[in-house]
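A.B. asks: Can you read through this structure? Questions will come right after.
Quick note: the coordinates plus some simple rules give every number you see, no bench work behind them. Please read these numbers as outputs of a predicted model, since none were measured by experiment. Cβ sites come from the backbone with ideal geometry, for glycine too, and all protein chains shown count toward neighbours.
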Amino acid sequence: MKKIEKKDLWSLEEYAIERANFRRQILAHKRVRRLTLGRHATLFFEDFQTIKYQIQEMLRIEKIFEPQAIDEEIEAYNPLIPDGTNWKATLMFEYPDPSERNQALRNMAGIEHQVWTRVNGFGKNFGKANDDLDRTNDTKTAAVHFLRFEFNTREIDAMKEGENIELGIEHDSLQYKVQLSDPERTSLLQDFD
């Protein structure tokens, strides 16, 4: 999958003009790339478009316009774009009450290593968590993790041929399983092109 280059981005002035329309497109695009895993866990699958939006928003918010600083943002975000044999996702645990969130995160140490995908006919494929840095310590896990799900050629071919795809969490504090809908599947299969 294509990675973002400076030429793919709008200048701050251009983005001010394009932002409303681009934001509408991205929100619709993200809707089918968002997967709920229970009441408090959500996977947001990233791709070229979602990361382009993240970069554009960071440049806008931080008013970044210097070439080296733009390159640094691109370098920081590009690893979140799938590579053609994987899915990359942001895993978030959301609780409206901060004290409830803190208690839940203390009970979920290591949960980021217990998120899986399964293509019908194959075994569970546990995601690789936080390639950049560890987000769990001895007392709790973080509310945000970055996951990478690697697939072999046979699994990818099976998905493209229509085999069911499940995702889930297998942790003492949270057990959940869901099958991808047709729109979710269609969107995620594009990550293999």
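A.B. asks: Taking the Cα centre of segment 12-117 as origin and charging only Cβ (+1 Lys, Arg; -1 Asp, Glu), how large is the dipole, in debye to the nearest 20?
C.D. replies: 680 debye
A.B. asks: Label-point separation (nm) for Ser99 and Asp83, each offset 7 Å from Cα along Cα-to-Cβ?
C.D. replies: Placing both labels 7 Å beyond Cα along the Cβ direction yields 4.5 nm.
A.B. asks: From the convex hull of the Cα coordinates of segment 104-193, what is the mean projected area in square nanometres?
C.D. replies: 6.4 nm²
A.B. asks: What's the FRET efficiency of Arg154 with Gln68 using the Cβ-Cβ distance as r and R₀ = 30 Å, to the nearest 0.05?
C.D. replies: Computed FRET efficiency for Arg154 and Gln68 comes out at 0.10.
A.B. asks: Could you tell me whether the chain comes out rounded, prolate or oblate from its Cα gyration tensor? Rule is a ≥ b ≥ c as square roots of the eigenvalues, rounded for a/c under 1.5, then prolate if a/b exceeds b/c, otherwise oblate.
C.D. replies: Oblate, because a/c is 1.5 or more while a/b does not exceed b/c.
A.B. asks: Which of rounded, prolate, oblate describes segment 65-160, given a ≥ b ≥ c as roots of the alpha-carbon gyration tensor eigenvalues and a/c under 1.5 marking rounded, otherwise prolate only if a/b is larger than b/c?
C.D. replies: Cα axes put segment 65-160 in the oblate bin.
A.B. asks: A further question on this structure: What does the extension gain come out to for Glu166 and Lys7, with contour length at 0.36 nm per residue minus their alpha carbon separation?
C.D. replies: 53.6 nm
A.B. asks: Could you check the spin-label model distance between Asp193 and Met58? Points 7 Å from the Cα along Cα→Cβ, value in nm.
C.D. replies: 2.6 nm
A.B. asks: Further question on the same structure: Hey, with R₀ at 35 Å, roughly what FRET efficiency would Thr139 and Asn21 work out to, going by the Cβ-Cβ distance, to 0.05?
C.D. replies: It comes to 0.20.
A.B. asks: Right, something else. Quickly estimate the mean residue ellipticity at 222 nm for the chain, helices only: each DSSP H run with n ≥ 4 gives -39500 (n - 2.57), and the total goes over all residues, rounded to 500.
C.D. replies: The per-residue figure over the chain is -11500 deg cm²/dmol.
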